[in-house]
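This report refers to the structure that appears directly beneath it.
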Amino acid sequence: MAKRKAVSIKDIAKASGSSLTTVSLVLNSRDRRISQPTRQRVLDAVERLGYRPSRLAQALQSQRAGLLAVLVPELRHAFADVYFGELISAIHDEASEAGYKVLLEVAHPRFIDAGQHLEIFDRRFIDGMLCLGVTSFNSYLSAFEDGTRPMLLVNNYVDGLELNHVRCDYRAAGRIAAEHLLANGHRRVGLVRAALEVQTMVDLISGFTSAMAAAGAPIDQANIVDGLYTEDGGAAAAAELIRRQPDLTALLAGNDKMAIGAIAGLKAAGRRVPDDVSVIGCDDIHQGEFCDPPLTTVHTPIYDMGRSACRRLLEIIGSPTSTVREVHPVSLTVRKSVARQSS
């Protein structure tokens, strides 16, 4: 079967009885001086012939690639992760509405060591980059401090580096979690944390421990255990906390995956949730509503924040001198995994 020949603007000009210049002006929305009947003839020809503009030609004309890179950390099944999946979905939706495509890249050592995170900018493959899951160990980020390559960190920031970022207020999240547990009478409390090289995790810990200490119920360092950001890690951490402090009545997990794992780990250790031990999480992922018991958590607006991050990156692309330091508020979602501690 013969391959159908692509329709060109010459074909549109011939079909509409217009000049190439007129057709080009209409297609690029620069037709203010062109009469409405002429404009309509061109558009009718476009529709009739099924014309599709060349993305390369558009990019050359606008000096834009029309492509945004999303850089995710080198994690097993990172694209299948519920947290990263929510962010990528949000970015894709916002980018699509703005007429941009999205390129997914993984920040594995070969990619970074070869300088490909910079090369895709310098060779005009992309217009901007959104970085997810960054840590203070990612020294390659310092190359973006000069602002010559539009880049924005999503839901984190790196202390000591002046980088554009959009994130949720995790210090407030820790404080809100502490206040909820304290209001329910809990004073023997543990914390399932994750990587300390993630600044927002440090903020969560600080907000939580400061609020508990201010209420006269400081968290002992022995009652802070790494849950590795995973369900398995959360289960193991909860079991370890119960071993260290058998009279523990509640715990905060630094994300909902660890909290869901902690509930399973507590049950495996013979503890009832929330009758014996209350559990509160952070992020409010969809699965938390359907675990047993449904998870009380601090809601961080991941999807909305991801869309906002993409919008801000597009603003930076349009105005390279722009500076973005955006923090989104968080709130408490009360379900059934926290109960009042009987005195």
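The values are calculated or read from the model by the stated rules, or taken from the named source; none is laboratory data. All figures in this text were calculated on a predicted structure; none of them were measured in a lab. Note: ideal-geometry Cβ built from the backbone for every residue, glycine included; neighbour counts use all protein chains shown.
Yes or no, residue by residue, for (1) among the small types (Gly, Ala, Ser); (2) within 22 Å of GLY227 (Cβ to Cβ); (3) in contact with a Lys or Arg (Cβ under 9 Å, 6 or more places away or on another chain); (4) buried (at least 23 other Cβ atoms within 10 Å of the Cβ):
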| site | (1), (2), (3), (4) |
| --- | --- |
| MET151 | no, no, no, yes |
| GLY160 | yes, no, no, no |
| GLY174 | yes, yes, no, yes |
| HIS180 | no, yes, no, no |
| VAL189 | no, yes, no, yes |
| LEU196 | no, yes, no, no |
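Residues checked against (1) farther than 27 Å from ASP81 by Cβ; (2) touching a residue at least 60 places away in the same chain (Cβ under 8 Å); (3) of a type outside the set (D, E, K, R); (4) not in a loop (DSSP other than H, G, I, E, B):
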{"site": "THR200", "(1), (2), (3), (4)": "no, no, yes, yes"}
{"site": "ASP203", "(1), (2), (3), (4)": "no, no, no, yes"}
{"site": "ILE219", "(1), (2), (3), (4)": "yes, no, yes, no"}
{"site": "VAL225", "(1), (2), (3), (4)": "no, no, yes, yes"}
{"site": "ALA235", "(1), (2), (3), (4)": "no, no, yes, yes"}
{"site": "LEU252", "(1), (2), (3), (4)": "no, yes, yes, yes"}
{"site": "LYS267", "(1), (2), (3), (4)": "no, no, no, yes"}
{"site": "VAL279", "(1), (2), (3), (4)": "no, no, yes, yes"}
{"site": "GLN287", "(1), (2), (3), (4)": "no, yes, yes, yes"}
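Out of the residues in the stretch 54-74 meeting the condition of being assigned to a loop (DSSP other than H, G, I, E, B) and modelled with pLDDT of 65 or more, tell me which one is surrounded by the most Cβ atoms within 10 Å (Cβ to Cβ).
ALA65
Filter the stretch 80-105 down to residues that are without any contact (Cβ under 8 Å) to a residue 40 or more places away in the chain and under 16 Å from LYS257 (Cα atoms) and give me whichever is nearest to the chain's Cα centre (by Cα).
Of everything passing the filter in the stretch 80-105, GLY85 is nearest to the chain's Cα centre (by Cα).
Just give me the residues in the stretch 208-222 being over 14 Å from HIS180 (Cα atoms) and crowded, with 18+ Cβ neighbours inside 10 Å, in sequence order.
ILE219
Identify, by number, the condition in (1) surrounded by fewer than 19 Cβ atoms within 10 Å (Cβ to Cβ); (2) part of a helix (DSSP H, G or I) that ASP247 doesn't meet.
The failed condition is (2).
Collect the residues in the stretch 289-307 that are of a type outside the set (A, V, I, L, M, F, W, C) and either in a loop (DSSP other than H, G, I, E, B) or at pLDDT below 95 (or both), keeping them in residue-number order. Spell out the reasoning first.
Just the residues of the stretch 289-307 that are of a type outside the set (A, V, I, L, M, F, W, C), to begin with: 289, 292-294, 296-297, 299-301, 303-304, 306-307.
Within the stretch 289-307, ASP292, PRO293, PRO294, THR300, PRO301 qualify.
Pick from the stretch 1-26 the residues that are at pLDDT 85 or above and within 16 Å of GLY50 (Cβ to Cβ): which of them is surrounded by the most Cβ atoms within 10 Å (Cβ to Cβ)?
This residue is ILE12.
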